[in-house]
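Enquirer: What follows is a structure written as structure tokens; I'll ask about it next.
The values are calculated or read from the model by the stated rules, or taken from the named source; none is laboratory data. The structure presented is a predicted model; accordingly, all values stated were derived computationally and were not measured. Here the Cβ positions follow ideal geometry from the backbone for every residue, glycine too, while neighbour counts run over all protein chains shown. Heavy atoms of the whole protein, side chains included, go into the accessibility calculation; ligands, DNA and RNA do not. Shrake-Rupley method; radii C 1.70, N 1.55, O 1.52, S 1.80 Å.
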Amino acid sequence: GQGSPSTSTVPATPTDPDASVLSGLVVQQADVGSTVNVRLLTGGNQVSGQPSLDLCNGMFPSESHRSARLQVVALDSQGNSLLSTEAVLYSSVDGSAQAFSELKAVAAKCPASPVVSPVGEPTVTTHFNAAPDADWPQTPTVDRLAFGFTTTDQSGQTQHSIAVYLRRGRALMGIYFSQPDSTQLTISGQTTIAGIVNVFATRLAQLPASTVNSR
């Protein structure tokens with residue numbers, strides 16, 4: 001950044017020794033072909049000031065236990081987001097377990113009125129639909145939470161989205177489908193939301209146990 005160098009002894013980016021594994025979890029250029037661009041989101045490899053969980057603009061104290069994060073987005077030729085994937089490491093297994101508990105609790109008590117974001121995102125009203133994953137196959141060792149919901153902003157614009165969270169040990173992934181009702185981007189040959197989620201769940205399942213266990 002600009003200005004005088006910081007004298008703080010705390011690194012701006014938490015240094016998790018396993019942070020490099022995250023790039024193998026998220027969507028990659030090789031997954032999508034040449035007409036789609038995979039890009040790092042602004043601040044996508046930062047933890048500080050970059051929320052991972054924002055369902056229903058809820059409060060997620062588990063965010064403070066993250067030790068590494070990587071979020072990339074697949075864009076079409078017009079620059080529209082087709083799929084965003086985020087991979088996170090927590091300092092311990094307890095951190096990701098807490099994140100899953102918070103996601104369930106926030107969804108269960110999401111009000112039917114607009115909610116102001118605690119992290120500076122737009123105020124939205126969130127309406128949850130039936131969970132989309134009732135008939136999806138399970139990936140052994142990987143826990144999954146899937147949410148289908150419609151958000152309405154203050155100008156009345158609505159958007160249907162699906163957010164899928166995967167967890168194994170201290171690793172967590174978020175897979176965000178911003179156009180779930182359209183034809184999906186083909187990811188590693190998969191064209192359905194369930195199939196695409198399974199690609200990422202399989203990657204999570206293949207991480208070494210030593211990486212995802214608590215340090």
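Enquirer: Need a quick list: strands (runs of 3 or more DSSP E) entirely within the stretch 54-139 having at least 1 residues that are out of contact with any Leu (no Cβ under 9 Å at 6 or more places or on another chain).
Expert: Correct list: 124-128.
Enquirer: Which of the residues spanning the stretch 185-196 are farther than 18 Å from Asp135 by Cα and surrounded by 14 or more Cβ atoms within 10 Å (Cβ to Cβ)?
Expert: Within the stretch 185-196, Leu185, Thr186, Ile187, Ser188 qualify.
Conditions tested, residue by residue: (1) open to solvent by 30 Å² or more (accessible area, probe 1.4 Å); (2) within 22 Å of Arg39 (Cα to Cα); (3) of a type outside the set (Val, Ile, Thr).
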| position | (1), (2), (3) |
| --- | --- |
| Ser67 | no, yes, yes |
| Gln78 | yes, yes, yes |
| Val93 | yes, no, no |
| Ala107 | no, no, yes |
| Val115 | no, no, no |
| Val119 | yes, no, no |
| Val124 | no, no, no |
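Enquirer: Look at Val142 and say whether it is out of contact with any Leu (no Cβ under 8 Å at 6 or more places or on another chain), modelled with pLDDT of 95 or more and aliphatic (A, V, I, L, M).
Expert: Criteria not met by Val142.
Enquirer: Here is a follow-up. Inspect all residues belonging to the stretch 202-213 and state whether any of them is open to solvent by 30 Å² or more (accessible area, probe 1.4 Å) and of a type in the set (Ser, Thr, Tyr).
Expert: So far as the stretch 202-213 goes, yes, one or more of its residues are open to solvent by 30 Å² or more (accessible area, probe 1.4 Å) and of a type in the set (Ser, Thr, Tyr).
Enquirer: Those residues that are out of contact with any His (no Cβ under 6 Å at 6 or more places or on another chain) and open to solvent by 30 Å² or more (accessible area, probe 1.4 Å), I need them from the stretch 137-150; list them, please.
Expert: If the condition is that a residue be out of contact with any His (no Cβ under 6 Å at 6 or more places or on another chain) and open to solvent by 30 Å² or more (accessible area, probe 1.4 Å), then Pro137, Gln138, Pro140, Thr141, Asp143, Arg144 are the ones that fit.
Enquirer: Looking at Gly120, Gly148 in this structure, which one is among the small types (Gly, Ala, Ser), over 20 Å from Asp18 (Cβ atoms) and out of contact with any Ser or Thr (no Cβ under 8 Å at 6 or more places or on another chain)?
Expert: One residue alone meets the criteria, Gly120.
Enquirer: Another one. Collect the residues in the stretch 24-53 that are part of a helix (DSSP H, G or I), in contact (Cβ under 8 Å) with a residue 60 or more places away in the chain and among the small types (Gly, Ala, Ser), keeping them in residue-number order.
Expert: The one that is part of a helix (DSSP H, G or I), in contact (Cβ under 8 Å) with a residue 60 or more places away in the chain and among the small types (Gly, Ala, Ser): Gly24.
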